[in-house]
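The values are calculated or read from the model by the stated rules, or taken from the named source; none is laboratory data. Because the structure is a prediction, the values reported are computed rather than measured. Backbone-built Cβ (ideal geometry, glycine too); neighbour counts: all protein chains shown.
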Amino acid sequence: MAFLRTLTCNYVYGFLSIAFSNVFAYGQPTTTSEYELKAVFIFNFTQFVEWPAASFATDQAPFVIGIFGDDPFDSYLNDVISGEKVNGHPLVIEHYANAGDIKNCHVLFVSRNVIGQLAQIAPTLKKQNVLIVSDASTFLMQGGMIKLVTKNNKIQLQINLESVKETNLMISSKLLRLADIYTPEQK
């Protein structure tokens with residue numbers, strides 16, 4: 001995992017080009033698991049999305065990656081963010097069992113077991129400038145923003161720009177170029 005974190009920190013754009021262009025398959029002989037790679041993707045989102053300064057109570061406030069529902073990452077996400085910062089904000093992970101517990105979160109991964117609750121909570125999260133990420137099949141139709149799609153042993157991205165526009169988040173054009181843009185007409 002240290003290799004992935006070093007790769008992420010030193011060669012973020014190069015890694016994104018490889019990973020997001022669907023060349024990097026998790027089925028390679030490196031035995032990297034699907035959620036190990038998805039953890040790296042989530043960390044990279046913190047590097048290619050801008051949050052308004054008002055998203056942080058203080059200059060030292062942590063940058064929170066939340067997991068709503070079951071945690072499919074084991075320790076991978078912790079390993080990836082260990083010792084990392086986003087614009088001077090230390091990265092921390094919080095786990096939420098209930099939607100009402102989600103507060104001061106910047107990136108929220110919504111697990112498949114709670115995806116049915118997303119439509120009710122997405123409007124509130126968007127007002128709080130939370131980047132909402134998942135790998136659930138109906139995620140984008142319910143107001144999600146970035147979907148991690150596993151297809152043919154590769155991780156691909158789909159971005160719902162309409163949902164992102166409801167926030168004050170700015171997604172880098174580098175990230176947008178590497179993703180499929182979802183439009184609500186698609187099913």
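For this structure, a couple of remarks:
Table: residues versus (1) modelled with pLDDT under 95; (2) assigned to a strand (DSSP E or B); (3) touching a Lys or Arg at 6+ places or on another chain (Cβ under 6 Å).
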residue: Val92; (1), (2), (3): no, yes, no
residue: Asn104; (1), (2), (3): yes, no, no
residue: Ile115; (1), (2), (3): no, no, no
residue: Gln120; (1), (2), (3): yes, no, no
residue: Leu175; (1), (2), (3): no, no, no
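- Selection within the range 36-59 - among the polar types (S, T, N, Q) and assigned to a loop (DSSP other than H, G, I, E, B): Thr58
- Qualifying residue in the range 151-159 (condition: surrounded by 15 or more Cβ atoms within 10 Å (Cβ to Cβ) and out of contact with any strand residue (DSSP E or B) (no Cβ under 7 Å at 6 or more places or on another chain)): no
- Scanning the range 110-150 for residues that are basic (Lys, Arg) and crowded, with 20+ Cβ neighbours inside 10 Å returns Lys126, Lys147.
- Test: Thr58 is at pLDDT 50 or above and over 24 Å from Ile159 (Cα atoms): yes
- Taken over the range 69-106, the residue count meeting the criterion of being farther than 23 Å from Ala122 by Cα, touching an Asp or Glu at 6+ places or on another chain (Cβ under 9 Å) and of a type in the set (Val, Ile, Thr) is 1.
Per-residue answers, yes or no, for (1) part of a strand (DSSP E or B); (2) of a type in the set (S, T, N, Q); (3) more than 15 Å from Glu50 (Cα to Cα):
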{"position": "Asn129", "(1), (2), (3)": "no, yes, no"}
{"position": "Ile132", "(1), (2), (3)": "yes, no, no"}
{"position": "Thr138", "(1), (2), (3)": "no, yes, yes"}
{"position": "Leu148", "(1), (2), (3)": "yes, no, yes"}
{"position": "Ile155", "(1), (2), (3)": "yes, no, yes"}
{"position": "Gln158", "(1), (2), (3)": "yes, yes, yes"}
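- Total residues in the range 103-126, condition over 16 Å from the mean Cα position of the chain (by Cα) and closer than 15 Å to Leu161 by Cα: 1
- Here the condition is being among the hydrophobic types (A, V, I, L, M, F, W, C) and closer than 12 Å to Gly66 by Cα; of Val164, Val110, Val114, it holds for Val110 alone.
- Scope the range 51-70; condition at negative phi, crowded, with 16+ Cβ neighbours inside 10 Å and touching a strand residue (DSSP E or B) at 6+ places or on another chain (Cβ under 7 Å); matching residues: Phe56, Pro62, Phe63, Val64, Ile65, Gly66, Ile67, Phe68
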